[in-house]
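Asker: Please read through the structure below; I'll follow up with questions.
The values are calculated or read from the model by the stated rules, or taken from the named source; none is laboratory data. Worth saying up front: this structure is predicted, and the values here are computed from it rather than measured. Here the Cβ positions follow ideal geometry from the backbone for every residue, glycine too, while neighbour counts run over all protein chains shown. What goes into the accessible areas is simple: the full protein's heavy atoms, side chains included, and nothing from ligands, DNA or RNA. Shrake-Rupley method; radii C 1.70, N 1.55, O 1.52, S 1.80 Å.
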Amino acid sequence: MVKTSLTKVYEDYVINGWLRCEKSNTDVNSDLCFFNISAFDLDNLISDNKDLIEYFDQVIDSIGEYMDSFISVLLVNKDGYILKNRKGKDYSTKLFSDVNLPVGGRFSERFNGNTAMSTSIIENKPIYLTGEEHFCKSYHDYSTLSAPIYIDSEIAGTLSAIGLISKVSYHSLGMITAAAKAISIQCEADRMYKQVISKHKYESAVIQTMTDGVLTIDKDGFLTYLNRIGAEILGINIEGSIGKHISDVVDFRPVILDVLKTGKGYIDKEFLITRRNGEKIHFIKTAVPIKDEQGNIVTVVDTFRKIKRVNKMLNELSGAYANFCFEDIIGSSSAIKDCIRKAKIAAQSMSNVLITGESGTGKELIAQSIHSYSARKNQPFVSINCGAIPRELLESELFGYEPGSFTGASTKGRMGKFELADGGTIFLDEIGEMPIDMQVKLLKVIQDRKLTRVGGNNVFDLDVRIIASTNRDLYDQCKKGRFREDLYFRINVLNICLPPLRERKEDIQLLVSHFINKLNTKLNKNITGISPSAMERIMEYDWPGNIRELENTIERAVNLCNGSTITEEDLLTDNMQNELRAKLNRESTEYNNNDIVSETDIEPLEVIEKRAIERALNISGGNITETAALLKVTRNTIYNKIKKYNLIIS
C-alpha cells in the first residue's frame, strides 16, 4: 500500500515514487544504497568521469563553508553511482555510523526506494525529500536534496546531499541547484573550449597539409600565421617570423601590402620576385582581404605556390610526360641496336641531341626513350611540332606571351612550351621546318638558357634538355641558306640517325608480330599469324613510309581479315600494288635509252604479252587477283591468257 496521511498533502513526484517502489517490490528496510560494482569497473567509472569529478571539486571547494550542514555532498552519475562523497563537518563516524555512502555505491528505487538522487533524474528537475517522503525507513531521519547536472543539454548526473531533518530545510535546495548549475556551466565551457581547440587543431592540420603556402597578415601588415610549406618557399623560420611586420620577414617588397593599401585582392596572379641574393622566385598567388561589417580590412589571407608546381599540374593534365622507353623499341638488327646504344649514351648527358631519319622511322619514340632513361625521367617531356604551327604563332607557342601582347592574346597571358618543360625535356620535332627568323630567337634561348615572353620584360631562367628531330638533310639546308648553320651546330652535338625500314628488314617480322598482338587487343580480334605469301609480299616491299606505313598496313589487314590468318588479299594496299607494278615494269623493260636500229629488235605482241603475264604471276606468287591488279585487267582475262599460252602456275 502507498503511504498516505490525513494531515499532509504530498507532491505528485513523491506519490509517483512510492508507486514505482510498490510495483518493484522494494523492501522498506533496505539500506541507504547498495554496492554491486567490481574494483575494475569502479576504476573505469572514475576514469570515465574524471572531468566531471574535477568540476565538482572546484565548485564545492569554492562554497564549502555553506555545505557543512550536510552529512555528505555527493556527485552521482546519471545511472545512480556515487562518483565523489564530500563529508560535512557535522559528520562523525560514531554518531552517524549507519550513513554508509561509499564511492561506487548506487541509488536505485528497486533496492533503496525513492530518494532525491533517483527522483531528480527521473523528473529532470531539482528534488527535495524529507523524512517519511522516502519509501525506505533508513531515510526517515534524513532529508535528501538533488539537482541535475547537464552537459550539452543532456543529464550527466546530479549534485546531491543528505542531512539530518533538523539541520536541512527545503531552502537548502536552492544552494544545491545553484551549485549544480555552476558545475553544468563549467562542463559546457570546457566542452566548448575543447571543441574550439579541436577545431583549431583540425584547421591547422588541414592548412599544414596543404601543398600551397599560406600566410595571413593583420590590418597593419604584421604576420599572424604561416604554414610550413609557405615558410619553405619563402625561406624563413615560422617561430621567428610570427608577430613581425611582413616587410621585416622577407627580403623583397611584399606585394601583399598592396592589398592592404587598395583593399582589392586578386586570384591566381603571376609574380616574378628577385631576392637580394639574386635568386628569383616565380609565384602564382591569390590574396583575399577579409573585412568586418563596416567594410574595414581586418586581415589578408595569401596563398601562393611556385610556378614549377603549377607547370607540373598542367603537364600531368595534358599528358606532357614520356610514355615510351627503350624496352618499347622493337628490333634486333645491328642498325637499330647501334641507335639504341647511342641514345643511351645521350640520355646520360645534358648535351643537345639531333635525331635524323625519314618520316615514320620512330624519332619521337627515341626522344621519349632518351628522356625516360635520363635523370629527368620524372620531369615533363614537352613535344612541339615546329612545322605544324602557323609561323605567326610559333614564337608565342615556344616562349609564351604577356597579357594583351597581340590581337587575340589571352588577357591573362600564357606560358610557352619552354617554360612548361622547365626541369625536363623539350622535343622540337621537325625543326627543319622552322622559319629562319624564328631560328635566330631559338638560338639565343638555347645559348643563354633564358627567355623573355612575347610582349614582356621579365627574364626567366631555364633548365631544359633539348632534343630536336628532322627528316631533312639539315647540313644541305644550311648550304642552301634555309637553315642557320650556327643553330645546326648548336643542336647537333649528339647525333642519332635512324635507319629506314628497308635497311633493317630483319626487324620486319618482329614488328608485324608486335602490331598484330597490339591490334588484337585494340580491335577485339583473334589473329594468330600471317600467311607465308603475305609475309613474302611484305618483305619484297620497300616501305617508303617506314614503320608508320607498316603499322597502318597491318591495321588495315587485321580489320579486313575474316579468319585467324592474314592473307595477301587482306594485306595488299594501293601503294603496295603500285610499287609492285613499278617493279614489274622495271623487270619487263628490256629496252635501253638508245633508239631501235632494226626490225629484228621488234618482238611480236603476243610474246611480250606472254612474258608480262609470266612475270606478273611470278611476282604475285601465282595469285590471280594480284596478277590481274598488276596488269590492270580482269581475272577472267588472266584465266583466258593462261589457257591460251599454256602457262603453268607455280
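Asker: Would you tally the residues in the range 635-650 being among the polar types (S, T, N, Q) and either open to solvent by less than 60 Å² (accessible area, probe 1.4 Å) or more than 19 Å from Glu606 (Cβ to Cβ) (or both)?
Answerer: Of the residues in that region, 2 qualify.
Asker: Okay, moving on. Assess whether Gly17 counts as being surrounded by 17 or more Cβ atoms within 10 Å (Cβ to Cβ), within 19 Å of Thr158 (Cβ to Cβ) and modelled with pLDDT of 90 or more.
Answerer: Judged against the criteria, Gly17 is a match.
Asker: Residues of the range 507-533 being of a type in the set (A, V, I, L, M, F, W, C), assigned to a helix (DSSP H, G or I) and under 41 Å from the mean Cα position of the chain (by Cα), which ones?
Answerer: Leu510, Leu511, Val512, Phe515, Ile516, Leu519, Leu523, listed by residue number.
Asker: Let me ask another. Any residue in the range 150-172 that's assigned to a loop (DSSP other than H, G, I, E, B): show its pairings with residues that are at pLDDT below 90 at Cβ separation under 6 Å, as long as the two are six or more apart or on different chains.
Answerer: So the pair list comes out as Lys167/Ser69.
Asker: Could I ask something else about it? Check whether at least one residue in the range 384-406 is in contact with a Pro (Cβ under 8 Å, 6 or more places away or on another chain) and over 28 Å from Ser513 (Cβ atoms), and report yes or no.
Answerer: yes
Asker: Could you please let me know if Ser24 is hydroxyl-bearing (Ser, Thr, Tyr), modelled with pLDDT of 90 or more and touching a Pro at 6+ places or on another chain (Cβ under 9 Å)?
Answerer: Spelling it out, it is not the case that Ser24 is hydroxyl-bearing (Ser, Thr, Tyr), modelled with pLDDT of 90 or more and touching a Pro at 6+ places or on another chain (Cβ under 9 Å).
Asker: Moving on. Among (1) at pLDDT below 95; (2) surrounded by 15 or more Cβ atoms within 10 Å (Cβ to Cβ); (3) of a type in the set (A, V, I, L, M, F, W, C), there is one condition Leu95 misses while meeting the rest; what is its number?
Answerer: Against the list (1) at pLDDT below 95; (2) surrounded by 15 or more Cβ atoms within 10 Å (Cβ to Cβ); (3) of a type in the set (A, V, I, L, M, F, W, C), Leu95 comes up short only on (2).
Asker: Can you confirm whether the range 310-325 contains a residue that is open to solvent by 70 Å² or more (accessible area, probe 1.4 Å), modelled with pLDDT under 85 and assigned to a loop (DSSP other than H, G, I, E, B)?
Answerer: Checked against the condition, which is being open to solvent by 70 Å² or more (accessible area, probe 1.4 Å), modelled with pLDDT under 85 and assigned to a loop (DSSP other than H, G, I, E, B), the range 310-325 yields no hits at all.
Asker: Also, quick follow-up: Return the residues of the range 20-46 that are loosely packed, with under 13 Cβ neighbours inside 10 Å and among the charged types (D, E, K, R); say none if nothing qualifies.
Answerer: Result: Lys23, Asp41, Asp43.
Asker: Ile236: touching a helix residue (DSSP H, G or I) at 6+ places or on another chain (Cβ under 7 Å), open to solvent by 20 Å² or more (accessible area, probe 1.4 Å), among the aliphatic types (A, V, I, L, M) and closer than 30 Å to Lys417 by Cα, yes or no?
Answerer: So Ile236 fails the test.
Asker: Identify, from the list Arg482, Arg504, Arg548, the residue that is under 29 Å from Ile355 (Cβ atoms), surrounded by fewer than 20 Cβ atoms within 10 Å (Cβ to Cβ) and touching a residue at least 60 places away in the same chain (Cβ under 8 Å).
Answerer: Just one listed residue meets the conditions, Arg548.
Asker: Residues in the range 98-114 that are among the charged types (D, E, K, R), surrounded by fewer than 17 Cβ atoms within 10 Å (Cβ to Cβ) and at pLDDT 90 or above: how many?
Answerer: Matching residues across the range 98-114 total 1.
Asker: Would you point out the residue of the range 416-463, among those that are of a type outside the set (Val, Ile, Thr) and free of Cβ contacts under 8 Å to residues at least 24 places away in the same chain, that is surrounded by the fewest Cβ atoms within 10 Å (Cβ to Cβ)?
Answerer: For the range 416-463, the residue satisfying everything is Asn457.
Asker: Sort out which residues of the range 335-351 are open to solvent by 10 Å² or more (accessible area, probe 1.4 Å) and either closer than 13 Å to Asp429 by Cα or in contact with a strand residue (DSSP E or B) (Cβ under 7 Å, 6 or more places away or on another chain) (or both), and write them in order of number.
Answerer: Matches in the range 335-351: Lys342, Ser349, Met350, Ser351.
Asker: Let me ask you something else. If you check Asn524 against the conditions, is it over 21 Å from Ser332 (Cβ atoms) and open to solvent by 80 Å² or more (accessible area, probe 1.4 Å)?
Answerer: yes
Asker: Condition first: touching a residue at least 12 places away in the same chain (Cβ under 8 Å), of a type in the set (Val, Ile, Thr) and open to solvent by 50 Å² or more (accessible area, probe 1.4 Å). Now tell me which residues in the range 239-292 satisfy that.
Answerer: Ile242, Ile267, Thr274, Val288 - these are the residues of the range 239-292 that are touching a residue at least 12 places away in the same chain (Cβ under 8 Å), of a type in the set (Val, Ile, Thr) and open to solvent by 50 Å² or more (accessible area, probe 1.4 Å).
Asker: Of all residues in the range 599-631 being modelled with pLDDT under 80 and not in a helix (DSSP H, G or I), which is surrounded by the most Cβ atoms within 10 Å (Cβ to Cβ)?
Answerer: Result: Gly621.
Asker: Quick check on this structure: which one of Phe489, Phe515 is among the hydrophobic types (A, V, I, L, M, F, W, C) and either open to solvent by less than 20 Å² (accessible area, probe 1.4 Å) or touching a residue at least 12 places away in the same chain (Cβ under 8 Å) (or both)?
Answerer: Criteria check complete, one pass: Phe515.
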